[in-house]
1. Count, please, the residues in region 199-210 that happen to be in contact with a strand residue (DSSP E or B) (Cβ under 7 Å, 6 or more places away or on another chain) and either farther than 16 Å from Val303 by Cα or in a loop (DSSP other than H, G, I, E, B) (or both).
2. Which of the helices (runs of 4 or more DSSP H) contained wholly in region 211-329 include at least 3 residues that are under 21 Å from Asp141 (Cβ atoms) and touching a Phe, Trp or Tyr at 6+ places or on another chain (Cβ under 6 Å)?
3. Of a type outside the set (D, E, K, R), buried (at least 20 other Cβ atoms within 10 Å of the Cβ) and touching a residue at least 60 places away in the same chain (Cβ under 8 Å), is that true of Ile272?
4. In region 239-249, how many residues are touching a strand residue (DSSP E or B) at 6+ places or on another chain (Cβ under 6 Å) and surrounded by fewer than 19 Cβ atoms within 10 Å (Cβ to Cβ)?
5. Could we say that Asn63 is under 16 Å from Glu31 (Cβ atoms) and under 28 Å from the mean Cα position of the chain (by Cα) here?
6. Look at Val252 and say whether it is closer than 30 Å to Leu38 by Cα and of a type in the set (A, V, I, L, M).
7. Kindly indicate whether any position in region 114-129 is under 23 Å from the mean Cα position of the chain (by Cα) and under 30 Å from Ser190 (Cβ atoms).
8. Within the set of pairs 6 or more residues apart or between chains, which connect a residue that is without any contact (Cβ under 8 Å) to a residue 12 or more places away in the chain and surrounded by 10 or more Cβ atoms within 10 Å (Cβ to Cβ) inside region 50-61 to a residue that is hydrophobic (A, V, I, L, M, F, W, C) and in a loop (DSSP other than H, G, I, E, B) with Cβ atoms less than 9 Å apart?
Amino acid sequence: MFVNLGKEKFKVMFNKDFNSILEVAREFSTEQKCIEHLEALYWNNKPVSPFHEDSKVYKCKGNKYKCKTSGKYFTVKTGSMFDNTKIELPKWFMAIYLVINHKKGISSVQLGRDLQISQKSAWHMLHRIRACFGIENDIDDKFDGICEADESFFGGKNKNRHKDKKVEQSQGRSFKDKTPVIGVLQRGESEIIDGKKVMLSPSKVKCIAVENTKKESIQPFIKSFVEKDTVLISDEWHGYRGLENCYDHHIVDHAKKQYVDFDNPEIHSNSIEGFWGIMKRSYNGIHNWWSRKHIQKYVDEHVFRFNLRDLKTSDRFNHLLANSQVRTKYKQLTAQ
């Protein structure tokens, strides 16, 4: 469940900023410090039973608590991404810091080296963290103002494959060997103050991995996240045809090498193209491959970092921790 901890509440509760991984290591140097921080974030230091929210709770030894109604024991880690983990919390906190601050993400191999754990453990840890990134993509607020819609494909280029691994007729918009992702970006608001352009609010994006780029896949997604009558900009792909009935729809014809409307320079899709560019560099440079099964989690990771990029590092860190009560089991990740 999404927990709306605004910037002002963060400033009151946790006013210390982290400017480096060293500061995180110093601030959360022990298991106890991490537990106390989570109890403040989750419960405001008033333990709540994960089995019965209204139940009376008894404090026990070793940071454990007992739910009176169910008779079950629990800790602050129960039901969260940290549930039943054998890795100490200081390493978890450092992993979260690295993931949210590396613009293109971090591989499980590199994270394993940095934390001195196995690649398998680092992979599981990263996917537990990614499961919590989805909170930002799942918020139900709708976009308005000026929005850009586009789709991109992830799966590598056929021309770069070995001869015996090439896929026939997979060029262009074919997704036989790729996974399409649809995105909508709401441009940030700006104002000219003393001759300088000042951003009042940053751009935001929502994305979803889909099976195809047909009208039936694209348009329900756009209509669920974009307010009616909003200025909507897309390319010439036929999946966007008919949106003019709901939106002030403008088309930038990339097939004709048109990337901006010179009569109206506001009409372009360069902002969302820039977002795709970051994701592509992450795919090619950091991970090299995303499975279709898990691609939505990688997409959520990039959406989270993009949408919260204006927050201080400590605020972004606490925002993820506050919404980390999502448990992901290894069997779920590896099941076919």
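The values are calculated or read from the model by the stated rules, or taken from the named source; none is laboratory data. Please read all numbers here as calculations on a predicted model, not as lab measurements. So basically every Cβ, Gly included, is an ideal-geometry build from the backbone, and we count neighbours across all protein chains shown.
1. Within region 199-210, residues that are in contact with a strand residue (DSSP E or B) (Cβ under 7 Å, 6 or more places away or on another chain) and either farther than 16 Å from Val303 by Cα or in a loop (DSSP other than H, G, I, E, B) (or both) number 4.
2. 295-307
3. When the stated conditions are applied, Ile272 passes them.
4. Total satisfying the criteria: 2.
5. no
6. Taking the combined requirement at face value, the residue does not satisfy it.
7. Checking region 114-129: not a single residue is under 23 Å from the mean Cα position of the chain (by Cα) and under 30 Å from Ser190 (Cβ atoms).
8. Close Cβ pairs satisfying both conditions: Val57/Val48.
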